[in-house]
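K.L.:
What follows is a structure written as structure tokens; I'll ask about it next.
The values are calculated or read from the model by the stated rules, or taken from the named source; none is laboratory data. The shown structure was predicted, so the numbers you read here are calculated from the model rather than taken from an experiment. With ideal geometry, Cβ positions are generated from the backbone for all residues, glycine too; neighbour counts draw on all protein chains shown.
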Amino acid sequence: MKYLAIATAAIAFMAGPLSAAESAAERDARMAWWREARFGMFVHWGLYSGLAGDWNGKMVGDSGGLEWIQQRVGADTHTYAAQAFPKFLPKPDFAREWAKLAKRAGCQYVVFTTKHHEGFALHDSKLTDYDAGDLLNRDLVREITDALRAEGLRVGFYHSVIDWHHPQYDFRKAKGLPYPKDGPAVAPTPRDHDRYIHFLHGQVDELISNYGKVDVIWWDYSSTGFQGDEAWRAMELLEKVRAKQPGVILNNRLFRIPEAGFNGMGTDSVTNRMDPKYGDFVTPEQHIPPTGLPGVDWETCMTLNTTWGYNRHDHKWKSDETVIRNLVDIASKGGNYLLNIGPTGDGSIPKETVDTFSAIGKWMAVNAESIRGTTASESGKPAFDGRLTRKGAVHYAHVFKRPADGRLTVPFKTSKATLLAGGQALKVTAGDKQSVIELPTELPDPIATVIRCE
Ligand code: FHN
């Protein structure tokens with residue numbers, strides 16, 4: 001036994017300081033709730049939300065991320081704040097609306113922007129006056145975390161390491177990370193990036209010290225040319241976070257290296273490698289890996305239209321069918337779905353977003369057991385138009401389109417098939433390698449009808 005302990009310790013040490021004290025079993029225990037959850041809400045909300053896609057009274061664009069409006073209009077931070085401050089007016093109960101919608105939709109966790117690239121902090125920070133405490137005399141992070149916990153939801157902090165406000169953030173070093181006013185237009189004032197890193201670590205320390213248990217930290221983002229210790233003193237930051245929040249789950253975006261699940265700058269440039277010393281899960285963005293990312297934890301984050309931050313001109317909303325089938329597809333490959341909302345300047349949720357998250361909730365009210373706590377089906381994509389998920393000995397068939405002959409062939413042996421909607425038992429012809437299930441003439445759910453197979 002002694003030698004096993006020594007070997008385990010040696011393996012842990014080789015994995016790097018972060019996981020030195022954590023065995024594979026302990027990591028599985030820490031990740032368990034997240035793997036079980038499968039579905040979370042992403043929230044992008046900041047000064048950009050009040051601008052709503054407009055600058056100087058004109059539309060900036062109807063597509064793409066308008067949380068980047070400062071960069072798209074090339075405004076320095078003071079010009080930007082002058083237009084944005086008057087339009088960022090959080091109403092009293094905005095956070096309760098978010099939490100109730102997330103709960104209704106069947107989300108288990110909510111990841112919200114504590115600070116986006118604009119640099120404005122939603123918490124009451126002692127390290128800057130560019131924060132909700134100074135602008136509004138409110139601590140919006142406190143309001144949001146309180147509302148989430150009141151609904152029994154897990155709390156995730158999105159935190160931008162990129163900062164377009166801080167005078168020492170050295171965008172000239174930050175190769176591959178755009179900046180609102182770059183190039184000759186910006187006076188070559190010297191910047192001491194180490195002072196920015198000290199500020200970054202200080203604000204993260206405020207967030208992990210003052211708001212109770214933090215379940216997820218969602219860093220954003222690094223480039224292949226500027227990442228890790230050079231950019232953020234990343235390993236030191238992770239050690240500080242783990243020391244204060246030992247149960248926290250971390251994404252991979254303090255880094256942009258293959259060992260942390262990246263093979264380039266594309267939002268789909270992801271690999272199924274995730275060394276625990278760099279974080280816990282890989283983050284494909286606006287993209288569902290065709291065969292998932294076997295062997296690693298991963299989460300697809302996605303917008304409901306084409307923007308993360310609110311843009312009143314963006315009407316390219318995904319259908320209820322698209323997002324529900326995305327949720328099924330991702331779960332069938334063993335991933336999590338982090339679906340975004342972009343509230344307005346007062347915190348209100350756009351009607352289209354409320355309608356879609358409510359539709360997801362209606363579907364989850366009947367079918368959540370086929371998503372939550374499931375794992376990827378080893379059969380991969382089935383022959384029928386749909387997907388498969390699995391929970392131990394139980395398989396779930398998600399039927400998108402009824403086969404013309406009403407006979408559903410599943411690639412496993414089953415002797416008992418039940419419609420989750422209504423509980424009707426279906427006739428099964430069981431075979432060793434595959435079975436045939438007789439479907440009703442009408443499927444109860446045109447988006448995805450789920451059959452439990454035992
Ligand atoms: O630049 C950000 C973007 O605004 C948004 O926050 C997404 C969400 O994953 N992350 C970065 C782009 O990858």
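K.L.:
Could you pull out the residue among Lys333, Lys277 that is more than 29 Å from Glu118 (Cα to Cα) and at pLDDT 95 or above?
P.N.:
Of Lys333, Lys277, the one residue that is more than 29 Å from Glu118 (Cα to Cα) and at pLDDT 95 or above is Lys333.
K.L.:
Which residue is surrounded by the most Cβ atoms within 10 Å (Cβ to Cβ), if the candidates are limited to region 114-130 and must be among the aliphatic types (A, V, I, L, M) and within 16 Å of the ligand (Cβ to nearest atom)?
P.N.:
Per the criteria, the residue is Ala121.
K.L.:
Only one residue in Phe199, Phe157 is at pLDDT 95 or above and over 22 Å from the mean Cα position of the chain (by Cα). Which one?
P.N.:
From the options Phe199, Phe157, the qualifying one is Phe199.
K.L.:
Quick one: which residue in Pro178, Pro190 is farther than 22 Å from Phe281 by Cβ and within 16 Å of the ligand (Cβ to nearest atom)? It would help to see each step written out before you state the result.
P.N.:
On the way: Pro190 fails: within 16 Å of the ligand (Cβ to nearest atom).
Only one candidate qualifies: Pro178.
K.L.:
Away from the ligand (no atom under 16 Å from the Cβ), modelled with pLDDT of 95 or more, out of contact with any helix residue (DSSP H, G or I) (no Cβ under 8 Å at 6 or more places or on another chain) and more than 30 Å from Val328 (Cα to Cα): does that describe Ala82?
P.N.:
Taking the combined requirement at face value, the residue satisfies it.
K.L.:
Pairs under 6 Å by beta carbon, first residue assigned by TED's automatic domain parsing to the domain that holds His159 and more than 30 Å from Val216 (Cα to Cα) in region 41-69, partner in a loop (DSSP other than H, G, I, E, B) and more than 16 Å from the ligand (Cβ to nearest atom), six or more apart or different chains?
P.N.:
Listed pairs, sorted by first residue: Met59/His313; Asp62/His313.
K.L.:
If a residue has to be outside any strand (DSSP E or B) and in contact with a Gly (Cβ under 6 Å, 6 or more places away or on another chain) to count, how many in region 390-409 make the cut?
P.N.:
1
K.L.:
Right, next: Which condition from (1) in contact with an Asp or Glu (Cβ under 9 Å, 6 or more places away or on another chain); (2) within 23 Å of Trp33 (Cα to Cα); (3) among the charged types (D, E, K, R); (4) in a helix (DSSP H, G or I) is the one that Asp275 breaks?
P.N.:
The one condition Asp275 does not meet is (4).
Rundown of residues vs (1) assigned to a helix (DSSP H, G or I); (2) away from the ligand (no atom under 16 Å from the Cβ); (3) at pLDDT 95 or above, yes/no style:
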{"position": "Ile324", "(1), (2), (3)": "yes, yes, yes"}
{"position": "Ile349", "(1), (2), (3)": "no, yes, yes"}
{"position": "Asp355", "(1), (2), (3)": "yes, yes, yes"}
{"position": "Ile360", "(1), (2), (3)": "yes, yes, yes"}
{"position": "Trp363", "(1), (2), (3)": "yes, yes, yes"}
{"position": "Glu369", "(1), (2), (3)": "yes, yes, yes"}
{"position": "Lys381", "(1), (2), (3)": "no, yes, no"}
{"position": "Leu388", "(1), (2), (3)": "no, yes, yes"}
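K.L.:
Please go through region 153-167 and pick out each residue that is in a loop (DSSP other than H, G, I, E, B) and either more than 14 Å from the ligand (Cβ to nearest atom) or not assigned by TED's automatic domain parsing to the domain that holds Ile341 (or both).
P.N.:
Those that are in a loop (DSSP other than H, G, I, E, B) and either more than 14 Å from the ligand (Cβ to nearest atom) or not assigned by TED's automatic domain parsing to the domain that holds Ile341 (or both): Leu153, His165, His166, Pro167.
K.L.:
Also, I was wondering about something else. Pairs only if they're at least six apart or on different chains, beta carbon under 8 angstrom, first in region 96-116 and over 22 Å from Val248 (Cα atoms), second assigned to a helix (DSSP H, G or I) and within 12 Å of the ligand (Cβ to nearest atom); list them, first residue then second.
P.N.:
From region 96-116, no pairs qualify.
K.L.:
Now a separate question. Quick check: anything in region 302-320 assigned by TED's automatic domain parsing to the domain that holds Ala84, touching a residue at least 24 places away in the same chain (Cβ under 8 Å), of a type in the set (Val, Ile, Thr) and away from the ligand (no atom under 16 Å from the Cβ)?
P.N.:
So far as region 302-320 goes, no, none of its residues is assigned by TED's automatic domain parsing to the domain that holds Ala84, touching a residue at least 24 places away in the same chain (Cβ under 8 Å), of a type in the set (Val, Ile, Thr) and away from the ligand (no atom under 16 Å from the Cβ).
K.L.:
Please go through region 382-393 and give me each residue that is surrounded by fewer than 19 Cβ atoms within 10 Å (Cβ to Cβ) and either of a type in the set (Gly, Ala, Ser) or within 16 Å of Thr449 (Cα to Cα) (or both), ordered by number.
P.N.:
The answer is Ala383, Asp385, Gly392, Ala393.
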